[in-house]
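The values are calculated or read from the model by the stated rules, or taken from the named source; none is laboratory data. From a predicted model like this one, the values you see are computed outputs, not experimental measurements. So basically every Cβ, Gly included, is an ideal-geometry build from the backbone, and we count neighbours across all protein chains shown. Side chains included, ligands, DNA and RNA excluded: accessible areas come from the protein's heavy atoms. Shrake-Rupley method; radii C 1.70, N 1.55, O 1.52, S 1.80 Å.
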Amino acid sequence: MRSPSSFVLVATLLVSALACTSADRAPVVDDARLVAANTDSANWLTYGRTYDEQRFSPLRQVNDSTITTLGLVWSHDLPTTRALEATPLVIDGTLYTTGSWSVVYAYDAATGKALWTYDPKVDRKVARFVCCDVVNRGLAAYKGKLFLGTLDGRLVALSAKTGIPVWDVSTVDRNKPYAISGAPRIAMGRVLIGNAGAEFGVRGYLSAYDTETGAMAWRVYTVPGDPSKPFESKAMEVAAKTWQGDALKTGGGGTTWDPIVYDPELGLVYFGTGNGTAWYRDLRGGGDNLYVASILAVKAETGEQVWHYQVTPGDNWDFDADQPIMLATLTVAGAPRKVLMQASKNGFFYVIDRATGQFISGTQFVEGVTWATGIDSVTGRPIESKVGYDGMKPVLSGPDNSGAHNWNPISMDPARGLVFLGARNNSVEVHAPDKNFKYDAKEANLGKDNTYAGPLWAKFLATVARGELVAWNPVERKAAWRVVLPSGQSGGTLATAGNLVMQGAADGMLRAFRGADGTKLWEFDAGTGIMAPPVTYLAGGKQYVTVMVGWGGPSGHVNQPTNGLTKPGFGRILTFALGGTAKIVVPPYGHKEPPVPALPVTATSEQVAMGNVLYNKFCLRCHGVAAVAGPVPDLRYSSAATHAMLDSIVLGGARAQLGMPSFKDLLDTTKLHLIQQYVLSQAAAASSAAKH
Ligand code: CA
């Protein structure tokens, strides 16, 4: 009698044979293929290309000699003016990517022919409860399916061939302000996903779901839960001792909104956690607040915690530890070490032993780090400075909360031992905790004193962060080279065996640099600022480079000319190859002329100041610092007709389905009209400044 296992084997072989003869077979990415992704040079199978997330491509058709003929071969304009942050996946000739509101696009990777689009129909009202634009950073792929985290907290499995959903599960309590912006990852047949929402008051966690069924396999929390209930794990019991006060009652924060890295060698998953709720330590009762702003290692099989390293103990500056995590083997003090690396928002580049969590080094990689003078080489704890924190007293600290380096992916040339990252030097933040802070579930709970309008605010507005592409040597703990960029903010990076580093920037330029020394070799004007990382792949034996173009996100709210060159506009996807000659037509966006105020300012200067406080609290996050907007309408240019509709838009939700939710539960007509007077005063100020 035939045994069940041999029957399964025969059946499997039959299915494989059928699949291989089918011309339009669904792409199959399995565990073996993911582990060997580095040698699969044609494809980009997972977020960071390989499980070590080094974003290094072995391809060399496009190299430091041939790149002069690199040109556009196909492009698509996308229906958005918001940030595009995704890393496309490329699997056997098909390119998959994501855009605003978690929409998925599939294209023929060689020709750009649109194959299908999947819109998860995210309720636009969730825009109220996302900190940093309506973004999505990409997909995971496994055994014929794609996996998408949606802005409203769902995990959706799609057929890679058709884009039709296979299963769709909610990963969050929809009554709480959770969101998902990050890309899922695959480990041991499961799909891993975290979430965001620490600014609004949620409890962070990472979950693993069965890729076939969507059933949850495990969930691991990042901060302790309700103190009146038993701990879920020993790790939560340890963490609870580092919290005082009531911060945990509102969730605590510590959300895993970006990095999740699987290590098949050690069977571990490493992930980062974000800030606490509120941003400032003293408003959370003090203490280290484990595990906010930490890197955690758990067993991939069970989620059981193996080690933790808190990058910024008691995170007091919204530094998070959600920047990309990259794995490598480095020779440290003469011995090979399996490490993970992170270029933190806090301005230090970390090297950690990934088997044990032992701190190896933390080195300042930008200028203007004032919150700490260094990292203690024995304990791995930062040596905090009073310059960046003085209790409840406002201080100017650096880096700012967009960070010395944020979520933008980093890449590595393993032969040279260099890590390439976009850096921001000398950014500053008004660190002003609000002594009257009270948690409110209806709004963002930064705990920032929005009434502060002293000289530090003027210094903040006048500060220009200097953008750089940095080639960091993590062993020598110094930069091999630095390139100063025209814009403060730059995008994710790609490294290739063609001796190239490619990177876009906020000024809309996609650039290629020689990996050895940073010499600029090539550039292309993409028309709109770039934050996403380029990817490269083969289709029909030819090498292509693709990048998502779209400006906004956590940096999109700082659009004054003084804060560095930025270029908001319409989003697009661009693909290049040697000899490409296609062109893009960039539709006009934004305003060339100064605003002409639609209405006169009728309020007193005191009322305008009150409007400014309310604006900063409720509107700034999308409509920009000082009412200078990028990705969303610039309110200073609102017409008289729009002003006439103000109540129905802001209170009535008339434009909710365009992404402008109702604020009826937070504002009334009196407050709204104070905000209106502030916006009109900003329009008048810009108008009069232009005349002088
Ligand atoms: Ca944060």
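Residue check: is Ala683 of a type in the set (Gly, Ala, Ser) and either without any contact (Cβ under 8 Å) to a residue 40 or more places away in the chain or within 25 Å of Pro79 (Cα to Cα) (or both)? The answer is no for Ala683. Within the range 437-474, the set of residues being of a type in the set (Val, Ile, Thr) and over 21 Å from the mean Cα position of the chain (by Cα) comprises Thr451, Thr463, Val464. Residues that are away from the ligand (no atom under 16 Å from the Cβ), over 24 Å from Val28 (Cβ atoms) and surrounded by fewer than 24 Cβ atoms within 10 Å (Cβ to Cβ) do not occur anywhere in the range 133-147. Being open to solvent by 10 Å² or more (accessible area, probe 1.4 Å), within 15 Å of the ligand (Cβ to nearest atom) and farther than 16 Å from Lys438 by Cβ holds for only one residue in Trp279, Trp257, and it is Trp257. Confirm whether Val156 is part of a strand (DSSP E or B) and closer than 23 Å to Gly272 by Cα. Yes, satisfied.
The residue of the range 286-300 that is nearest to Phe271 (Cα to Cα), among those that are open to solvent by 30 Å² or more (accessible area, probe 1.4 Å) and part of a loop (DSSP other than H, G, I, E, B), is Asp288.
If we keep just the residues of the range 661-681 that are open to solvent by 50 Å² or more (accessible area, probe 1.4 Å) and among the polar types (S, T, N, Q), which is farthest from Gln607 (Cα to Cα)? Restricting to residues being open to solvent by 50 Å² or more (accessible area, probe 1.4 Å) and among the polar types (S, T, N, Q), the top hit is Thr669.
Just to verify a result, which residue in the range 510-533, among those that are assigned to a strand (DSSP E or B) and of a type in the set (D, E, K, R), is least open to solvent (accessible area, probe 1.4 Å)? Only one residue fits best here, namely Arg511. Being open to solvent by 60 Å² or more (accessible area, probe 1.4 Å) and either within 16 Å of the ligand (Cβ to nearest atom) or among the polar types (S, T, N, Q) (or both) is a description that applies to Ser228.
Selection of the range 254-288 for residues being aliphatic (A, V, I, L, M) and over 23 Å from the mean Cα position of the chain (by Cα) yields Leu266, Leu283. Considering Gly362, Gly303, Gly314, the condition of being more than 16 Å from the ligand (Cβ to nearest atom) and assigned to a loop (DSSP other than H, G, I, E, B) is satisfied by Gly303 alone.
Among the residues making up the range 168-204, those that are part of a strand (DSSP E or B) and within 16 Å of the ligand (Cβ to nearest atom) are Ala179, Ala196, Arg203.
Taking the range 81-132 as the search range and keeping residues that are within 16 Å of the ligand (Cβ to nearest atom) and open to solvent by less than 20 Å² (accessible area, probe 1.4 Å), which one is modelled with the highest pLDDT?
First pass over the range 81-132, keeping only residues within 16 Å of the ligand (Cβ to nearest atom): 83, 85, 129-132.
Narrowing the set further to residues that are open to solvent by less than 20 Å² (accessible area, probe 1.4 Å) leaves 83, 85, 130.
Numbers: Ala83: 95, Glu85: 98, Val130: 91.
The qualifying residue modelled with the highest pLDDT is Glu85.
Against the test of being among the small types (Gly, Ala, Ser) and within 16 Å of the ligand (Cβ to nearest atom), the options Ala333, Ala297, Ala355, Ala321 yield a single qualifying residue, Ala321. Would you confirm whether any residue within the range 582-602 is open to solvent by 50 Å² or more (accessible area, probe 1.4 Å), over 30 Å from Ala683 (Cα atoms) and not hydrophobic (A, V, I, L, M, F, W, C)? So far as the range 582-602 goes, yes, one or more of its residues are open to solvent by 50 Å² or more (accessible area, probe 1.4 Å), over 30 Å from Ala683 (Cα atoms) and not hydrophobic (A, V, I, L, M, F, W, C).
What helices (runs of 4 or more DSSP H) lie completely within the range 597-644 and have 3 or more residues being at negative phi and among the small types (Gly, Ala, Ser)?
Output list reads 605-618, 640-644.
With the structure loaded, tell me whether Thr463 is hydroxyl-bearing (Ser, Thr, Tyr), closer than 29 Å to Tyr280 by Cβ, surrounded by 19 or more Cβ atoms within 10 Å (Cβ to Cβ) and out of contact with any strand residue (DSSP E or B) (no Cβ under 6 Å at 6 or more places or on another chain) or whether it fails that test. Yes; evaluated as a whole, the condition is true for this residue. Scan the range 36-69 for residues that are outside any loop (DSSP other than H, G, I, E, B), touching a strand residue (DSSP E or B) at 6+ places or on another chain (Cβ under 7 Å) and open to solvent by 10 Å² or more (accessible area, probe 1.4 Å) and the total you get is 4. Could you tell me whether the range 52-61 includes any residue that is of a type in the set (Gly, Ala, Ser) and farther than 30 Å from Asp263 by Cα? Checked against the condition, which is being of a type in the set (Gly, Ala, Ser) and farther than 30 Å from Asp263 by Cα, the range 52-61 yields no hits at all.
Within the range 618-660, the residues that satisfy the criterion of being open to solvent by less than 30 Å² (accessible area, probe 1.4 Å) and of a type in the set (Val, Ile, Thr) are Val625, Val628, Val632, Ile649, Val650.
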